[in-house]
Amino acid sequence: MKNDKTASGALGLDVGTSRICVAREENGGYKFRTELNAFVTIPYSKMTENVLKRENIPHSVQDGKIVVHGNESEKFADLLNVETRRTMTGGLLSPSEPESLNMIRQILGNMVSEENGPRKLCFTVPAPPVGAQDSLTYHEATIRQILSDLGYEVRSINEGLAVIYSELEASNYTGIGISCGGGLCNVCMAYLSVPVLSFSIPRAGDYIDMSAASVTGELANRIRLVKEESFHLNGFFNDKVHQVLGVYYDEMIRTLVQAMREQFAGAKSLPRLGRPIPLVLSGGSTLPEGFRDRFEKILKEENLPVPVSEVRIASEPLHGSAKGALIAAVTDL
Amino acid sequence: MLLSEAGTKVEAGTRVEAGGGDRARWWRVWHKGKATQVRMSVIEWRAGNISDPVERLRFLRRTVDAQDFTRPATEPATQHRPRRRIMHAGLAAATLFLIAAFVAAPTASNSAYRYHPQFLLPAPTPQPAGQEAPKVWQVDFTRDHETYSNGLRVEKSYETAGNERIPYPVYRRRDPQLETAEMHSGPAGIVYHTTESLMAPFEPEETGQMRRIGNAVLDLVRRNRSYNYVVDRFGRVFRVVPDDQIANHAGMSIWADEKYAYVNLNASFLGVSFETQTQRGADNPEISPAQIHSARILTDMLRYKYSIPAGNCVTHAQVSVNPSNMRIGYHTDWAGNFPFGEIGLGDNYRQPLASVFAFGFDYDSIFVHSTGRRLWQGLHASDEQVTLQASLLGMPVAAYKRLLRQRYEKILAATRSAAQKGETNEE
């Protein structure tokens with residue numbers, strides 16, 4: 001926590017595939033606001049528009065339709081029994097969603113436009129996916145432009161590094177930060193706050209949901225609900241959905257750890273480490289009970305070339321990246 | 001362990017020999033590496049003395065340069081001279097001890113975190129559940145029966161003419177007011193029933209008795225055109241009312257799939273009845289393996305022939321309503337324990353009931369007690385949707401239900417006016 005109780009006015013923004021989280025300082029602590037990075041269109045009617053206005057539900061009217069975005073979009077999609085549309089896929093702006101740019105501009109504007117003061121903002125960007133090093137440029141430039149247009153002095157931070165800034169102050173920001181979100185698992189290793197290796201793999205929560213849905217015949221949305229409400233990785237499964245989720249969680253973790261082993265082993269330069277370093281896991285996909293234990297077990301099996309002192313879950317797994325981005329923004333003040 | 005070797009820095013692939021220029025070069029490299037390491041130790045120690053994490057981070061970012069501490073990761077430890085390594089390892093150990101003394105211990109594990117979602121959404125309609133219908137086609141037909149590729153044999157000895165299956169109105173679910181009626185034709189689903197007839201013990205010596213009861217049931221079904229199909233206790237499948245004609249099986253009823261809401265299902269759904277009796281609560285109706293097998297291959301045939309989604313194969317208890325008191329469950333056929341899984345379908349009991357969430361129907365404790373727990377999942381999901389919808393509109397649930405009921409009355413009137421003379425909505 002910051003010692004002085006004065007809010008800096010800076011913002012940390014975690015731009016994730018499924019959720020966007022903004023962090024700000026308040027009363028000596030951190031305050032978070034999370035919105036779904038999704039939207040849904042509903043048929044226009046004056047009555048519906050009035051209801052949305054009265055309830056302060058974020059929406060806009062476009063081409064004779066009402067577009068509800070953010071958290072409320074999922075509720076409306078559920079009422080209308082349609083799937084929400086996503087502005088991003090696989091950690092980046094979705095190339096197959098024509099409204100992605102327009103909608104993410106509205107969602108971001110709705111979340112960050114109320115700030116006064118220094119107006120410094122740091123937002124997270126994923127690390128390059130393994131084997132796709134050049135795919136980030138457009139995404140980062142676009143988000144930067146949107147936020148700059150809103151009047152912010154903008155910088156970006158690697159998502160895994162943000163986790164390190166948020167969680168590893170005790171080891172002088174030395175260690176490995178991993179963010180397992182909806183579209184990607186981001187990995188970053190830092191030594192004394194300096195990132196030395198980062199990458200991502202395109203297997204995360206959405207991959208688990210879709211894979212499990214294709215096997216069970218359930219909707220991905222329902223799989224996600226089951227996953228968030230009752231799933232745990234303890235090896236005993238009540239039904240097929242849980243069993244399938246367990247299989248795909250295992251696969252995701254194993255893929256992640258294998259990628260870590262390969263990336264660390266093949267890195268061109270790494271710092272001299274005098275001792276094992278901590279590893280912290282963050283993001284919504286790390287929430288099932290037993291995730292940490294399973295990850296640690298597979299980590300030991302894979303014999304990571306970097307010695308790890310401990311594996312732990314972030315203190316605030318859903319807010320870790322935004323908090324780290326905020327710390328990075330405040331540090332620049 | 002990677003990078004545990006301290007105090008040396010050698011370019012990857014360099015072979016270090018004991019004498020001359022190589023030794024001098026090795027020394028320069030080692031000295032530079034050692035100096036960097038000491039510098040890092042000092043930086044780390046100073047950072048550890050800064051209590052404010054932001055200030056500490058600011059200090060580190062200002063002070064540390066990535067060029068300072070990186071080395072080729074492929075540096076093989078075996079390239080170091082063993083004699084030197086012993087000496088340098090001692091220095092390194094001392095340095096590491098100092099570093100370790102200054103660096104705070106790692107924080108405790110927090111693996112006990114439990115996730116609580118911000119809000120629990122009402123269950124989306126979980127369809128299409130179950131498997132895709134396999135390809136089934138007719139391979140033979142005679143005056144008395146039809147045979148299909150999956151072994152299904154449909155007896156036609158009790159077949160009778162019903163009323164023509166005329167186009168029926170359906171309502172688009174994406175229309176919040178459910179005001180957009182479209183006219184569809186052809187079966188859109190299956191409603192499973194029970195004949196509620198007498199049940200002789202399923203024993204060899206009772207075969208004659210069972211046959212007599214079965215024939216009587218089929219006579220009655222034919223007279224009333226009650227169902228399109230009957231599966232008798234021996235698993236024989238009888239078509240009573242042809243698919244292109246309407247059986248009087250579902251009367252006042254409501255269902256909704258992903259796209260459409262259906263009101264009064266005689267015209268839109270086929271009726272398949274099992275010769276058995278519904279049991280209350282969790283008790284299983286008496287049903288033979290032959291009946292389950294026949295129902296499965298019959299369902300497969302109908303689903304494939306008419307492209308019926310698995311989610312539209314439901315029980316009469318799930319769809320039956322009583323408009324006079326606006327309660328569901330006027331009929332309770334298969335109110336619990338319908339073998340959806342064995343029929344090749346998902347557990348459709350989990351689907352919310354459109355009668356409740358779209359049209360404001362209620363249910364009473366009698367219905368709840370007479371149904372199995374599996375159907376309660378659908379009831380619960382329906383209630384959640386109503387509550388959520390009401391809260392989104394800022395209305396009390398009761399007021400919102402009144403609106404839904406007005407919607408139903410409007411649709412019911414339109415449906416009745418569209419009905420042709422041969423369609424019967426009363427059972």
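Every condition in (1) touching an Asp or Glu at 6+ places or on another chain (Cβ under 9 Å); (2) in a strand (DSSP E or B) holds for A:LEU13 except the one numbered (1).
Do the conditions hold for A:VAL187, that is, is it within 23 Å of A:GLU310 (Cα to Cα), surrounded by 24 or more Cβ atoms within 10 Å (Cβ to Cβ), touching a Phe, Trp or Tyr at 6+ places or on another chain (Cβ under 9 Å) and β-branched (Val, Ile, Thr)? Spell out the reasoning first.
Details: within 23 Å of A:GLU310 (Cα to Cα): yes; surrounded by 24 or more Cβ atoms within 10 Å (Cβ to Cβ): yes; touching a Phe, Trp or Tyr at 6+ places or on another chain (Cβ under 9 Å): yes; β-branched (Val, Ile, Thr): yes.
Criteria met by A:VAL187.
A single member of B:ILE287, B:ILE308 is over 16 Å from B:PRO187 (Cβ atoms) and β-branched (Val, Ile, Thr), and it is B:ILE287. Taking the conditions exactly as written (of a type in the set (Asp, Glu), under 23 Å from the mean Cα position of the chain (by Cα), under 23 Å from A:LEU318 (Cβ atoms) and more than 8 Å from chain B (Cβ to nearest Cβ)), does A:GLU35 satisfy them or not? So A:GLU35 passes the test.
A quick yes/no check of all residues on (1) in a helix (DSSP H, G or I); (2) modelled with pLDDT of 75 or more; (3) surrounded by 14 or more Cβ atoms within 10 Å (Cβ to Cβ):
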residue	(1), (2), (3)
B:GLN385	yes, yes, yes
B:ALA390	yes, no, yes
B:ALA399	yes, yes, no
B:LEU404	yes, yes, yes
B:ARG407	yes, yes, yes
B:LYS421	no, no, no
B:ASN425	no, no, yes
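Among residues of the range A:243-258 being touching a helix residue (DSSP H, G or I) at 6+ places or on another chain (Cβ under 9 Å) and surrounded by fewer than 19 Cβ atoms within 10 Å (Cβ to Cβ), the one that is farthest from the other protein chains (Cβ to nearest Cβ) is A:GLU251. With the structure loaded, tell me whether A:GLU114 is part of a loop (DSSP other than H, G, I, E, B), in contact with a helix residue (DSSP H, G or I) (Cβ under 8 Å, 6 or more places away or on another chain) and at pLDDT below 85 or whether it fails that test. Considered against the rule, which asks whether it is part of a loop (DSSP other than H, G, I, E, B), in contact with a helix residue (DSSP H, G or I) (Cβ under 8 Å, 6 or more places away or on another chain) and at pLDDT below 85, A:GLU114 comes out as no. Among residues of the range A:174-217 being more than 20 Å from the chain's Cα centre (by Cα) and over 23 Å from A:PHE291 (Cα atoms), the one that is modelled with the lowest pLDDT is A:GLY217.
Report those strands (runs of 3 or more DSSP E) wholly inside the range B:176-271 carrying at least 1 residues which are under 23 Å from B:PHE340 (Cβ atoms). Spell out how you get there, then give the answer.
On the way: elements: B:181-184, B:189-194, B:229-231, B:237-239, B:254-256, B:260-263.
Of the strands (runs of 3 or more DSSP E) lying wholly inside the range B:176-271, those with at least 1 residues that are under 23 Å from B:PHE340 (Cβ atoms) span B:189-194, B:229-231, B:237-239, B:254-256, B:260-263.
Kindly indicate whether any position in the range A:299-312 is more than 9 Å from chain B (Cβ to nearest Cβ), surrounded by 18 or more Cβ atoms within 10 Å (Cβ to Cβ), touching a strand residue (DSSP E or B) at 6+ places or on another chain (Cβ under 7 Å) and at pLDDT 90 or above. Yes, some residue in the range A:299-312 is more than 9 Å from chain B (Cβ to nearest Cβ), surrounded by 18 or more Cβ atoms within 10 Å (Cβ to Cβ), touching a strand residue (DSSP E or B) at 6+ places or on another chain (Cβ under 7 Å) and at pLDDT 90 or above. Filtering the range A:150-189 to residues that are within 10 Å of chain B (Cβ to nearest Cβ) and assigned to a loop (DSSP other than H, G, I, E, B) leaves A:LEU168, A:ASN172, A:TYR173, A:THR174.
Can you name the residue in the range B:129-175 that is under 23 Å from B:ASN266 (Cβ atoms), part of a loop (DSSP other than H, G, I, E, B) and within 14 Å of chain A (Cβ to nearest Cβ) and is also modelled with the highest pLDDT among such residues? The extreme case among them is B:ALA133. Of the residues that sit in the range A:165-184 and are surrounded by 24 or more Cβ atoms within 10 Å (Cβ to Cβ) and free of Cβ contacts under 8 Å to residues at least 60 places away in the same chain, which one is nearest to B:GLU132 (Cα to Cα)? Among them, the one singled out is A:TYR173.
If I filter the range A:259-278 down to residues being more than 7 Å from chain B (Cβ to nearest Cβ) and exposed (fewer than 15 other Cβ atoms within 10 Å of the Cβ), which single residue comes out as nearest to A:ARG203 (Cα to Cα)? Per the criteria, the residue is A:GLU262. Just one of the numbered conditions (1) more than 19 Å from A:GLN258 (Cα to Cα); (2) at pLDDT 90 or above; (3) buried (at least 18 other Cβ atoms within 10 Å of the Cβ) is not true of A:PRO288: (2). Do we have any residue at all in the range A:190-212 that's over 26 Å from A:SER166 (Cβ atoms), of a type in the set (A, V, I, L, M), in contact with a Phe, Trp or Tyr (Cβ under 7 Å, 6 or more places away or on another chain) and not in a loop (DSSP other than H, G, I, E, B)? Checking the range A:190-212: at least one residue is over 26 Å from A:SER166 (Cβ atoms), of a type in the set (A, V, I, L, M), in contact with a Phe, Trp or Tyr (Cβ under 7 Å, 6 or more places away or on another chain) and not in a loop (DSSP other than H, G, I, E, B). Is it fair to say A:GLY284 is within 10 Å of another protein chain (Cβ to nearest Cβ) and over 20 Å from the mean Cα position of the chain (by Cα)? The answer is no for A:GLY284.
The values are calculated or read from the model by the stated rules, or taken from the named source; none is laboratory data. In this text, all values refer to a predicted model and were calculated from it rather than measured experimentally. Quick reminder, even Gly has a Cβ in these numbers, built from the backbone with ideal geometry, and neighbours come from all protein chains shown.
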